[in-house]
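The values are calculated or read from the model by the stated rules, or taken from the named source; none is laboratory data. No experiment lies behind these values; they were computed from the predicted model shown. Note that we place each Cβ from the backbone using ideal geometry, even for glycine, and neighbour counts take in every protein chain shown.
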């Protein structure tokens, strides 16, 4: 009698495990296959900075005229934008959650009254190594190690 009970439990466990395995394996595989292209679409577009870690001054004081912004095209591996003073462009590698800015960034050389904001922005951007997109695709978090060092809001194109 005990052996029938044990066999019954084992069969129920195997059936439960196999049903769970079959039901979940395809979506996870599909999710892994779609992750890169979906993430590229999520990160593509224009983003405006609303938080920068370790700012020496308040955001409005650092960037009185124009907030820094990024335009990302992950499919082409291109990034451009403004530092709040100068414009820049270059290459970026985005794979999975990895975000690596190429060291060769073209930057205009306008002289602005206070270059502190631009310097903070560029140094922070060059140290980023991962990213996440949250708030239903409206917030881009740029991360160094395990710390979000820059937060940007999606700018809706007209």
Original post:
Among the residues of segment 116-149, how many are part of a strand (DSSP E or B) and either under 15 Å from residue 85 (Cβ atoms) or out of contact with any strand residue (DSSP E or B) (no Cβ under 9 Å at 6 or more places or on another chain) (or both)?
Top reply: 1
Subject >> Residue selected from segment 75-84 under the condition more than 16 Å from residue 43 (Cα to Cα) and in a loop (DSSP other than H, G, I, E, B), by the criterion modelled with the highest pLDDT >> reply: 83
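Kindly indicate whether residue 41 is assigned to a helix (DSSP H, G or I), closer than 16 Å to residue 155 by Cα and modelled with pLDDT under 85. Working first, answer last.
On the way: assigned to a helix (DSSP H, G or I): yes; closer than 16 Å to residue 155 by Cα: yes; modelled with pLDDT under 85: yes.
Yes; evaluated as a whole, the condition is true for this residue.
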**OP:** Give me a count of the residues in segment 86-119 that are surrounded by 14 or more Cβ atoms within 10 Å (Cβ to Cβ), touching a helix residue (DSSP H, G or I) at 6+ places or on another chain (Cβ under 7 Å) and over 22 Å from residue 65 (Cα atoms).
**Re:** 2
Original post:
How about segment 85-108: which of its residues are in a loop (DSSP other than H, G, I, E, B), farther than 22 Å from residue 60 by Cα and out of contact with any strand residue (DSSP E or B) (no Cβ under 8 Å at 6 or more places or on another chain)?
Top reply: 96, 103
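Would you confirm whether or not segment 58-71 contains a residue that is in a strand (DSSP E or B) and free of Cβ contacts under 8 Å to residues at least 60 places away in the same chain?
Initial filter on segment 58-71 (in a strand (DSSP E or B)): 69-71.
Filter again for free of Cβ contacts under 8 Å to residues at least 60 places away in the same chain, leaving 71.
Yes, some residue in segment 58-71 is in a strand (DSSP E or B) and free of Cβ contacts under 8 Å to residues at least 60 places away in the same chain.
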